[in-house]
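Presented below is the structure to which this report refers.
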Number of protein chains: 4
Amino acid sequence: MTIVGHLTGVKTLPTPDFDAPLLAAAPDARFVPAPADGVLPEGFFSTTNLPTYVRVGGEWRMPREPRMDGVLVLDADGVLWIREARRVRVGELVAVGFAEDGSEGIFVHVGALMGQEAEGEFRFMTSEVSREKPIDYSLMARILIRERDRGGYPVWVAGPALVHSRARNDMVWFIENGFVSAFLAGNAVAVHDIETSIFGTTLGMTGSGDASSGGHGLHMRAINRVRAAGSIAAAVENGDIRDGIMHACVRHDVPFVLSGSIRDDGPLPDVITDALAAQDAMRAHTIKATMAIFIATALHAIGTGNMLPAFVTEEDGSMRDLATICVDSSEFVVSKLKDRGTHQAFGVVTNAQDFMHILRLYVERELQARAVAEDDSMVRA
Amino acid sequence: MTIVGHLTGVKTLPTPDFDAPLLAAAPDARFVPAPADGVLPEGFFSTTNLPTYVRVGGEWRMPREPRMDGVLVLDADGVLWIREARRVRVGELVAVGFAEDGSEGIFVHVGALMGQEAEGEFRFMTSEVSREKPIDYSLMARILIRERDRGGYPVWVAGPALVHSRARNDMVWFIENGFVSAFLAGNAVAVHDIETSIFGTTLGMTGSGDASSGGHGLHMRAINRVRAAGSIAAAVENGDIRDGIMHACVRHDVPFVLSGSIRDDGPLPDVITDALAAQDAMRAHTIKATMAIFIATALHAIGTGNMLPAFVTEEDGSMRDLATICVDSSEFVVSKLKDRGTHQAFGVVTNAQDFMHILRLYVERELQARAVAEDDSMVRA
Amino acid sequence: MTIVGHLTGVKTLPTPDFDAPLLAAAPDARFVPAPADGVLPEGFFSTTNLPTYVRVGGEWRMPREPRMDGVLVLDADGVLWIREARRVRVGELVAVGFAEDGSEGIFVHVGALMGQEAEGEFRFMTSEVSREKPIDYSLMARILIRERDRGGYPVWVAGPALVHSRARNDMVWFIENGFVSAFLAGNAVAVHDIETSIFGTTLGMTGSGDASSGGHGLHMRAINRVRAAGSIAAAVENGDIRDGIMHACVRHDVPFVLSGSIRDDGPLPDVITDALAAQDAMRAHTIKATMAIFIATALHAIGTGNMLPAFVTEEDGSMRDLATICVDSSEFVVSKLKDRGTHQAFGVVTNAQDFMHILRLYVERELQARAVAEDDSMVRA
Amino acid sequence: MTIVGHLTGVKTLPTPDFDAPLLAAAPDARFVPAPADGVLPEGFFSTTNLPTYVRVGGEWRMPREPRMDGVLVLDADGVLWIREARRVRVGELVAVGFAEDGSEGIFVHVGALMGQEAEGEFRFMTSEVSREKPIDYSLMARILIRERDRGGYPVWVAGPALVHSRARNDMVWFIENGFVSAFLAGNAVAVHDIETSIFGTTLGMTGSGDASSGGHGLHMRAINRVRAAGSIAAAVENGDIRDGIMHACVRHDVPFVLSGSIRDDGPLPDVITDALAAQDAMRAHTIKATMAIFIATALHAIGTGNMLPAFVTEEDGSMRDLATICVDSSEFVVSKLKDRGTHQAFGVVTNAQDFMHILRLYVERELQARAVAEDDSMVRA
């Protein structure tokens, strides 16, 4: 599908025309009980991250908590949910069907987010993700400020390059200034961040990029310090951790989820080592997300992308696309993310450190410009 | 434009419907004399690599020697050509116009090569070029054999990784067995190939990948040997060059073009150092090409892609797409090639050495299978 | 450290000269009890993956189960172990110290595996990992055969590109022919493999690389089928899974570990979702490993690399380097693996499909050549 | 050789100890006449980019115009030169020999620029070029200012991503503010820059990254406009080109070299289409260079790197290393550059647009800080 990763985050999406013949004539969706815990009825409907409408009792309804690769569950109270298969219990009613055009009572509104079709014309520069494409930092800055100012829920997902590469200070700035509603990462991000706070190195590499003597053990010593304290918050409290990303999250009450992986050393006591428990903890944030920023992480970006709807539903029921930015040094991660269904991702091919620095700069400039404009209008008033 | 790089090379392309209202009502194309040598009239029509029809005297005609980024010239004998702007002489008639839909007398048949549009459906794995896509060596082998057997003109374009990585023997095999009609490369390919023949190293690196002592000067010594002989052919003749790609080209009368670049050491005496003369020499082959294989080269692939039509015209006037294979270690080169208009390129993301080895293996197997089948039928007859 | 990733796997490593003044004069290592479960004494010694000797009771001894980022534990029976910090219990004796030169009773034999120092000479092609370096398939084939024939324990670690890209048949061949002692992967590898067995697609992409209609749900249906059966082995038994990698593992009693991640759909019932339990399961194989092959996976390669010693100890106490091959489409993964301490990894920059195909070809040829040689000698005898 | 790409540009290099036994006992270098124009005597000495001393008449002397892959020529006036082989005329005296340690009268001072040897210690993060390494913009800014202020000669070498990606304004700023002594690029950079000035697009792509209708011909129209004017300077003069990089070069008398390649459309009239003439034009600048910055170009970076010494000789005869920065989106280009002998290159793995923006920001901040400091001292004085 050629949904292009355009970054708008403001476009109100069109609603389907339910009076169109096919939809008007559609039957109710069919539901079949699950044969066992975590096992679905054959022919179950597999969800996408696009706006989806299910006909129940002659009425088109939208399920709660949309995500891809889930199933539609109708609960005892008649409420529709999108659930991971593993969470379905025996006997629960699961929608079945393959058609996405409404003919079996389920309509996936693909058109809502589709980019305009390229017309039949010879063109250069049509690839979607490329280091040769310009990056509109100004637009990203405005979206971020708008989300903060209207109480949105921007979710940041980061890989260890964020800390390796000294973008750490910039990340702290975004946390301190209210641009981060949730921070999702793995053990390594927190370990590097805390190693930096305690020893001034990451994996023993100094700020100037040199391998320090005895450095290979420093991340283990950092982990041990936190394990001794009992938790990251406790280590902030007792003064072991004095600055950095985790420190800022603790101090500013920004919730974080550290998901475990087989690559983890330690791990830190806060890490959720069970992948399913970690997914549940992450999804508690993605269902609230109004914006998502993925920085230099393939595992966590795709993990989060899997559970992120491509759209946001406003309180008045209108929908808009969920601005999703994916930053990576290579085109590969962004293409992979899109190939796994997160078509709405807008790819930025650059270095994480540079991305953070320039984004912050543009946000600061925009805020300054607004402050000046406000002062002006106050003076004039 | 979403022409997908499907590899067929066998599909007969549809012809335009000239009776359709817009084309039937089209005016003749307008031609304006060039104001100076190498300078075009304002508003000139800029060509693509797609099948193009020009209305002259009420008749739709195809220009000769198609390529992108050229202009349409109507010569004194009424013949239509596609020419590079720099080759246009003062007073020559150059077509003007911007429309590609025939409304100004020029019709670019975009539909001829367009892939089938993806329908409006949620899908995974839709990116065009990815290391995660399978590679159909069997199909490539069959296309290559077919081209050889029907007297086609496969053009091979290669970068130095071909020699660095020991795919050299496989390249020689393709030359010796008649699969190469022209070999386009740069100074480096020939230098590494000849260094290997004389000293057993490339850039001083041995076959097992180690840097040899004193090795950094060996490519300069190889070049000097050929300069002393006067030409590559002369160095083959006098026994200095005993094996390898250039040796095979000389021995099997396969024409080669070595184009110069600012990166060249030496260069070898056969290198065409003027970029425009080199383009002319390359184009002498691309206008005959019925297949193109680009291996591990960005510069030469894009240089050749610029002058390669996306289609082949058969003697009976029918057209088919020109099978174009682009092999590179990263998705980037293929995407860049497509972004510069060579939409028909089928990308293979792999190592040049491995590509050559497996392609040869599949060609050998296919030839063997055919030989067996033939024997069988002879026995039965 | 410039241990170069040379592939030998046969070199007997030198033993330290314990009569050298520094080592002869070394004190016993110092041990301090752990203050709490999973918490280490300050100043603990952090291990590497290199041969390590600890002086206890005036004698230099080697700890069991070497790995990097672990600690040295002296148990009640006087046996030395290398353990992950999280597995240390309160009161257990943990070695302390920073020096690796023996001066505190712990000697890391860096010299054992160090590549020969490049001498002070100007050279080209000195980078360690590059797509421009040749790949010695013949050597890899011989090492693999040798490991099989002497009862070694080759551990294969694979990412999903192995299945995406049709290297599946080749992987099955290696399993069926006794070259795989353990198979470590994630949920995705097994899901794609099983989706292919049941539906003929991976993530809905057909064998020719096209996105199939309705394909995005097929991996969920495959998972559901296995969940219904209860396990992969049960699904092989009941005929749901008829071929492929997991099928071959079950049929040939090759143990596999599927480690969970936050990116998992499903997951399959065999997946170990807890990262620490998964690490323990993986390590049960890495402590037996005599060879390791990582294919197209960053997460699992680095996860396994973390727990893999750089050497093998033979029954007679002699040591040799542990042949470690890392295959990836980009230099990045191999460099990252080395940067995280798996210096011995030999990088192969290519496509997973092509790697598997050529490696199998070389193994087959070598086996054939040996069979012929054996026949010859029997005839002669 | 493990000369690490450390960025200092300030370190005074040590001079060799000519009283050491080997050097003290060295013979004079041996010179042999060239047998023909552009042909060298067998056994010629092939130069490196490191400080080199040649013994002539019992005295150690340094040749002029150092570069790698050249030869040592002793002219009729007794002056030593490093020359490209192709420029050597029949009968000219060319040094012969293989030894670089002085034993044949030629001493390559490898030690002068060698990084400190990594000691035998287990370390993480030792790879030289990686996106995970921090980028010290502050240091780069200070070096750039220092070069400007002491009349150095910074050479900038750029690929088209510089213009594609809107770093164009930042490049203009560096030109206008005196940080660019020469600008080396290819046809494409100038074409994109001029297309932007005239049409607001690059290859038809708008500033927001979209392909514009009719856009594929715009670069051809831009070229035609300049060809009509006769030269870039003439097109600046007549107002066709109103802004941008080429405009700034013309207005601020910054010399530029546009080297031709087979990939060129047009080309622009200023392009030197002959590769050898282009090399000569480039070398006129590299022999004066005191700093080099390569941005997003493989061809031009390696072409320039080939002819760039690794050091600068001051007027007082002392030497320091020549700060060489290489910016690219992938580690590959930097590694390739180093593999071809430009060991001193400091690699920055990032997006060209972001690099330019942050570098400018740091230069501006540094200049501002100095202005403030100066004001302060004036006030105090």
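The values are calculated or read from the model by the stated rules, or taken from the named source; none is laboratory data. The shown structure was predicted, so the numbers you read here are calculated from the model rather than taken from an experiment. With ideal geometry, Cβ positions are generated from the backbone for all residues, glycine too; neighbour counts draw on all protein chains shown. Quick note on the areas: whole protein, heavy atoms, side chains included, nothing else; ligands and nucleic acids left out. Shrake-Rupley method; radii C 1.70, N 1.55, O 1.52, S 1.80 Å.
Residues of the stretch A:42-73 being under 22 Å from C:R225 (Cβ atoms) and away from chain C (no Cβ under 14 Å), which ones?
First, pick out the residues of the stretch A:42-73 that are under 22 Å from C:R225 (Cβ atoms): A:42-48, A:67-73.
Across the stretch A:42-73, the qualifying residue is only A:V73.
If you check C:T297 against the conditions, is it surrounded by 24 or more Cβ atoms within 10 Å (Cβ to Cβ) and among the polar types (S, T, N, Q)? Please lay out each step first, then the result.
Numbers: surrounded by 24 or more Cβ atoms within 10 Å (Cβ to Cβ): yes; among the polar types (S, T, N, Q): yes.
Considered against the rule, which asks whether it is surrounded by 24 or more Cβ atoms within 10 Å (Cβ to Cβ) and among the polar types (S, T, N, Q), C:T297 comes out as yes.
Among the residues of the stretch D:272-284, write down those that are crowded, with 23+ Cβ neighbours inside 10 Å and of a type in the set (V, I, T). Show your work before the answer.
To start, the set of residues in the stretch D:272-284 that are crowded, with 23+ Cβ neighbours inside 10 Å comprises D:273, D:275, D:278-279, D:282.
Within the stretch D:272-284, D:T273 is the sole residue that qualifies.
Looking only at the stretch D:146-175, which residues are under 17 Å from the mean Cα position of the chain (by Cα) and in a loop (DSSP other than H, G, I, E, B)?
Those that are under 17 Å from the mean Cα position of the chain (by Cα) and in a loop (DSSP other than H, G, I, E, B): D:G151, D:G152, D:Y153, D:G159, D:P160.
If a residue must be assigned to a helix (DSSP H, G or I) and closer than 19 Å to D:R146 by Cβ, how many such residues does the stretch D:289-303 contain? Walk me through it before giving the result.
Of the residues in the stretch D:289-303, the ones assigned to a helix (DSSP H, G or I) are D:299-303.
From the residues that got through so far, the ones that are closer than 19 Å to D:R146 by Cβ too are none.
Final tally of qualifying residues: 0.
Hey, A:I287 hits all of (1) over 9 Å from the mean Cα position of the chain (by Cα); (2) among the hydrophobic types (A, V, I, L, M, F, W, C); (3) open to solvent by less than 30 Å² (accessible area, probe 1.4 Å) but one; which does it fall short on?
(3)
Out of B:V54, B:V94, report the one residue that is open to solvent by less than 40 Å² (accessible area, probe 1.4 Å), assigned to a strand (DSSP E or B) and more than 19 Å from B:F311 (Cα to Cα).
Values: B:V54 fails: more than 19 Å from B:F311 (Cα to Cα).
The match here is B:V94.
Looking only at the stretch C:258-271, filter to residues that are within 20 Å of A:A281 (Cβ to Cβ) and out of contact with any Asp or Glu (no Cβ under 7 Å at 6 or more places or on another chain); which one of those is most open to solvent (accessible area, probe 1.4 Å)? Spell out how you get there, then give the answer.
Kept after step one, since they are within 20 Å of A:A281 (Cβ to Cβ), are these residues of the stretch C:258-271: C:259-267, C:271.
Restricting the remaining residues to those that are out of contact with any Asp or Glu (no Cβ under 7 Å at 6 or more places or on another chain) gives C:259-264, C:266-267.
Numbers: C:S259: 2, C:G260: 7, C:S261: 10, C:I262: 4, C:R263: 70, C:D264: 21, C:G266: 14, C:P267: 8 Å².
Here the answer is C:R263.
Within the stretch B:357-381, count every residue that is more than 30 Å from B:I293 (Cα to Cα), open to solvent by 70 Å² or more (accessible area, probe 1.4 Å) and not acidic (D, E).
4
Give the residues of the stretch D:286-322 that are among the aliphatic types (A, V, I, L, M) and within 14 Å of chain B (Cβ to nearest Cβ), sorted by residue number. Show your work before the answer.
To start, the set of residues in the stretch D:286-322 that are among the aliphatic types (A, V, I, L, M) comprises D:287, D:289, D:291-293, D:295-296, D:298-299, D:301-302, D:307-308, D:310, D:312, D:319, D:322.
Across the stretch D:286-322, the qualifying residues are D:A296, D:A298, D:L299, D:A301, D:I302, D:M307, D:L308, D:A310.
For the stretch D:290-334, which residues satisfy the criterion of being in contact with an Asp or Glu (Cβ under 7 Å, 6 or more places away or on another chain) and closer than 22 Å to B:A298 by Cα?
Across the stretch D:290-334, the qualifying residues are D:A296, D:N306, D:E331, D:F332, D:V334.
Looking at B:R87, is it within 17 Å of D:R221 (Cα to Cα) and open to solvent by 50 Å² or more (accessible area, probe 1.4 Å)?
Working: within 17 Å of D:R221 (Cα to Cα): yes; open to solvent by 50 Å² or more (accessible area, probe 1.4 Å): yes.
Answer is yes for this residue.
Can you find, within the stretch D:304-328, the residue that is surrounded by the fewest Cβ atoms within 10 Å (Cβ to Cβ) among those that are small (G, A, S) and either free of Cβ contacts under 8 Å to residues at least 60 places away in the same chain or part of a strand (DSSP E or B) (or both)? Walk me through it before giving the result.
In the first step, residues of the stretch D:304-328 are kept if they are small (G, A, S); the result is D:305, D:310, D:317-318, D:323.
Now narrow it down to the ones that are either free of Cβ contacts under 8 Å to residues at least 60 places away in the same chain or part of a strand (DSSP E or B) (or both): D:305, D:317, D:323.
Numbers: D:G305: 28, D:G317: 8, D:A323: 27.
Top of the filtered list is D:G317.
Which of the residues belonging to the stretch D:71-87 are under 22 Å from the mean Cα position of the chain (by Cα) and without any contact (Cβ under 8 Å) to a residue 24 or more places away in the chain?
Selection gives D:W81, D:R83.
Which residues, taken from the stretch A:340-354, are touching an Asp or Glu at 6+ places or on another chain (Cβ under 7 Å) and open to solvent by less than 10 Å² (accessible area, probe 1.4 Å)?
A:V349, A:T350, A:N351, A:D354
In the stretch D:257-272, is there at least one residue being touching a residue at least 12 places away in the same chain (Cβ under 8 Å), facing chain B (nearest Cβ under 8 Å) and over 23 Å from D:H164 (Cβ atoms)?
no
For the stretch C:176-252, which fully contained helices (runs of 4 or more DSSP H) count at least 3 residues that are open to solvent by 40 Å² or more (accessible area, probe 1.4 Å) and either basic (K, R) or farther than 27 Å from B:V348 by Cα (or both)?
Answer list for the stretch C:176-252: C:218-229.
With respect to D:R30, is the statement that it is under 21 Å from the mean Cα position of the chain (by Cα) and not acidic (D, E) true? Give the derivation first.
On the way: under 21 Å from the mean Cα position of the chain (by Cα): no; not acidic (D, E): yes.
No.
Which number in (1) free of Cβ contacts under 8 Å to residues at least 24 places away in the same chain; (2) open to solvent by 10 Å² or more (accessible area, probe 1.4 Å) marks the one condition that D:D101 misses?
So D:D101 meets the others, but not (1).
I need every pair where a residue in the stretch A:337-361 that is free of Cβ contacts under 8 Å to residues at least 24 places away in the same chain has its Cβ under 7 Å from the Cβ of a residue that is of a type in the set (G, A, S) and open to solvent by 10 Å² or more (accessible area, probe 1.4 Å), sequence separation at least 6 or different chains.
A:D339/B:S127; A:D339/B:S130
Can you name the residue in the stretch A:4-19 that is more than 19 Å from A:I135 (Cα to Cα) and within 14 Å of chain B (Cβ to nearest Cβ) and is also modelled with the highest pLDDT among such residues? Don't jump to the end; show me each part of the working.
At the first step, the residues of the stretch A:4-19 found to be more than 19 Å from A:I135 (Cα to Cα) are A:11-19.
Now restrict to residues that are within 14 Å of chain B (Cβ to nearest Cβ): A:14, A:16.
Details: A:P14: 86, A:P16: 92.
Restricting to residues being more than 19 Å from A:I135 (Cα to Cα) and within 14 Å of chain B (Cβ to nearest Cβ), the top hit is A:P16.
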